[in-house]
Structure formats: structure tokens, C-alpha cells
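Quick notes on the structure that follows.
Quick note: the coordinates plus some simple rules give every number you see, no bench work behind them. As the structure is a prediction and not an experimental result, all values here were calculated from the model. Note: ideal-geometry Cβ built from the backbone for every residue, glycine included; neighbour counts use all protein chains shown.
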Amino acid sequence: MKNICFVILIVSLLISCTDKSSSFEVLNREDLFLLNYGKFEDEIILFNDEFSSRPGISMAMQNGFFFLSDGQSRKIMQLTSFGDLLSVIYNEDYNTQPSFVTDNEDTVRSTKKASIYPFNQLGKIAVDEKKSIYIVDKLPSVRHEQDKDTMAMLNEVVLHFSANGEFINYIGQNGPGGKPFSYIRDIFTVANGELVVVSVTQKTLQVDWFSESGFLKYNIILDRLLLPNPHSDNKSIYPELDNVIPDYHNDVIYLKIDFFEKLNEPNTHIQSDVAYLETQIFPLDIKTGKYKAGINIPPYEQKIETGFGSNTFLRPYDFLGVTENGYFFLISPDIDNGFTLQVANSKDKNHIEKYHLAIPNDKMTYNVFSLSKDGVISAVLAGEFEANVVWWRLDKIFGGI
């Protein structure tokens, strides 16, 4: 469903690392097309010296069409799975006029479409079944507001465009034209053209669920002091809410919570470290406000050998998304090239599948992943001279409804 960015720096200094990914089935990766770096309408600017709180790429794939937002170029592109540009929405102050645009009315009109919009700082992108586009944008400083109760800065909105690239409206906390959000962590489109916005608050995360017309249906404040915690009797173990992703068909959100244990120094009893303990995903029924039993997610295991012995370290997976038929997709970078993918069945707590996503070493510096509702993992794999757009067709394994 949504996108996740990874920046990975691996340094090897007389230490060898091993993991279990080599024993997992390697999924077939299909390389679809290349994206060149540059300022033309079908190119991207991946890295730039200009400061931006929203650098890089966000991506959504819908029915074989790719929608990419380029934060540095301040534009949105729609491309086919062959890499053909279909449309672009761009800020004309940061982009040249697309080559297919002409002012001559006698010229045969191109099948490609171009629209102009004064984007500021683009964030996450989401696309619904009708190919309507939702994109996070930061407002100009003169339109920033401050929440009187929390003192949080409210400066982000979700822009809504039609499939033809026409601006429809912007969505704030109260709906169309509403007050801005605080920092928006992610957005999702679900069944019936509904939009879900996850923003960061002082308490933890806020989830706003909107109808197709943009009006607010649910507002959920996830207070970290009220998170489900099966270890509540042990004061040294505490939960951290890592991610929230909505169900596609039902009014349910899934909370990925990582549990950590405070470690104290034996003699002074002063806290000296924190150890990752486990991960659980808790479904929350929005209508009733009740949590269902948590689903255990096995950790990523990494074995470190130093010559003096070996240690196994555990770390949590990143929550990539949920398919429409209830499979949780979680990924973690491997020490070797690529990522380990873990797929858990929300309806069968004991059903866990693991796979290896092989990625060349020169494409591991910067990656953007996206999961479609039917189980296709798409990615932009950035290299030194160009970026590859690829996908893994897990819909053939886990399928849609």
C-alpha cells in the first residue's frame, strides 16, 4: 500500500555477519524500466544539496500504473509498467515546460497530459481505484498554524487530484479546506475511495479516516500510555508504537507495536541499556474502540561472529503494508544483498512465510518500496547513474479477494 524508504550504510571491519536469508526462497524480481536522473519531465532528481524536509521519492502502484512523486523536482508522474510517461503535474517554478506541451492550437494534441500546481514540499502519495491522486504537501510558512492545546505546528495538508490531473481540493483535519495536520507520516486509500491519514502528535499518532467525499468519519488518538501491553505487570518492559496501517475493507486499523526491556546495571540498578524483546500487531476495531488479540511477529535474527565467539541479535521488521485479504507484509534489510520479506496471515497466527528479495549491492543505498492491495511489491532501486523500477508479483502467491 504504502511506501517505505531505507538508507543503509554497511561497514565491514574484521567482522563477519551471517543471517538466515540464504535459506529462504528467492522471489523472482521483474525489472520493468529505468528512471534517469535529470530535470526532464520523465526524469527524477534523487539527491540534491538544497535543503528539504521531504527529499526523495514516494510511489504508489495501481493496476499496473506507477505514480511517483519527486520531492526535489516538486512534481508527480504517472507511468506505465513499460516506463512510458502518461501525465505529469508539476510546479512550473522548478520544472521546464514538458516537451510534449505546445501553445500551437493547430498541433495535434498529445496523448500525454500536463498540469501545473504550485507544490511546496511533497510527501507521501496514494492512489485509489479511480486513479484519483492524494499527495501530502507542506503549506507555505504564512499559512502555518499552531495548535493552542498541544502547541504543535500545523502545516501539512493532503492535496486531491482527479485522474486527469485536475486539482479538486485539499483535505485538512476537518475535511475539505480544514485546518492543517501536524507532520503527516503516511496516507492510504482503502475501499470505496476512502482516505486514511496518519499524523504525528505529541501523544503519539493520530489517525483520521475520511469518506470518499472527503468528510471526516473517524478521529483516533493513539495515546502511548493506553497502548495494549501484555507485559503490563512488568514495569521494565514498555511498548513503542512503530506504525499504523488500515484494513482495506473494514473499519479496522493495525498497530505494529515493538516491545523493549530496560536493562539495569547489576550493582547500581541504574538503567544501562535497552533490549528489543518482541513485536506484535494489534487490530483495533474503530467502531467499538476495542483491541483484538495481538499477532506475534518473529524478529529478524542476525548472527555476528568476531573471532571470539558469536552473538545473535534481534531487531524488528518494518511494517510494509496489509493486503486486502489480510496478509501482513514486513521487510528488513539483510547483511547480504537484498531484504528478507516476512508474510503473516492475520487469520492464522501460526502461518508465517519468509522470502528473500535479491537486490544488487549497487542498488542498496536508497530504496523505496510500495505494496498494492493485491500483494504486488514495487520498488525504486537507486543506483549511481539511474534508478530501476521493479516489482515482485506476490499476488500470484497470496492473491486478491
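Annotations
- Annotation: amide H of H356 within the under-5 Å range of E25, V26, L27, L341, sequence separation 5 or more or interchain, hydrogens built in the peptide plane.
- Think of the chain as having a plus end and a minus end, set by charges on the Cβ of Lys, Arg, Asp and Glu; of N311, F260, G83, F260 sits farthest toward the positive end of this dipole.
- Length gained on full extension, F215 to I270: 14.8 nm, using 0.36 nm per residue less the C-alpha separation.
- Selection from V244, F65, Y117 lying farthest towards where the dipole of the range 4-398 points positive, charges on Cβ: V244
- Y366 sits among other residues whose Cβ lies under 14 Å from its own Cβ, and their net charge, with Lys and Arg +1 and Asp and Glu -1, is -3.
- Phi-based couplings in Hz for the range 249-256 (Karplus 6.51, -1.76, 1.60; Gly and Pro marked x): 9, 10, 7, 9, 10, 10, 9, 8
- Restriction of the chymotrypsin sites (Phe, Trp or Tyr not before Pro) in the range 335-401 to DSSP coil positions whose beta-carbon has at most 11 other beta-carbons within 10 angstrom yields F385.
- Amide hydrogen proximity for F119: with H placed 1.01 Å from N in the peptide plane, the residues at 5 or more positions away or on another chain lying under 5 Å are N91.
- Unit charges at the beta carbon, dipole of the chain: most positive-side option, P176, F161, L357: P176
- Ascending count of other beta-carbon atoms within 10 Å, so fewest first, for D285, D208: D285, D208
- Distant-in-sequence amide H partners of L154 (H built 1.01 Å from N, under 5 Å): E145, Q146, D147
- The chain - percent relative contact order, Cα under 8 Å, separation 6 or more: 17
- Sorted by Cβ density within 10 Å, fewest first, the residues D93, D70, D84: D93, D84, D70
- Under Karplus coefficients 6.51, -1.76 and 1.60, residue-wise ³J(HN,Hα) of the range 319-333 in Hz, glycine/proline x: 7, 7, x, 10, 7, 5, 9, x, 9, 8, 10, 10, 9, 8, x
- The range 234-356 - charge dipole about Cα centre, Lys and Arg +1 at Cβ, Asp and Glu -1, debye rounded to 20: 400
- Residue exposure sequence - M61, M153 - by fewest surrounding Cβ within 10 Å: M153, M61
- Lys, Arg +1 and Asp, Glu -1 on Cβ, resulting dipole of the range 4-398 about Cα centre, debye, nearest 20: 800
- Proportion of all alpha-carbon pairs of the chain beyond 34 Å (%): 32
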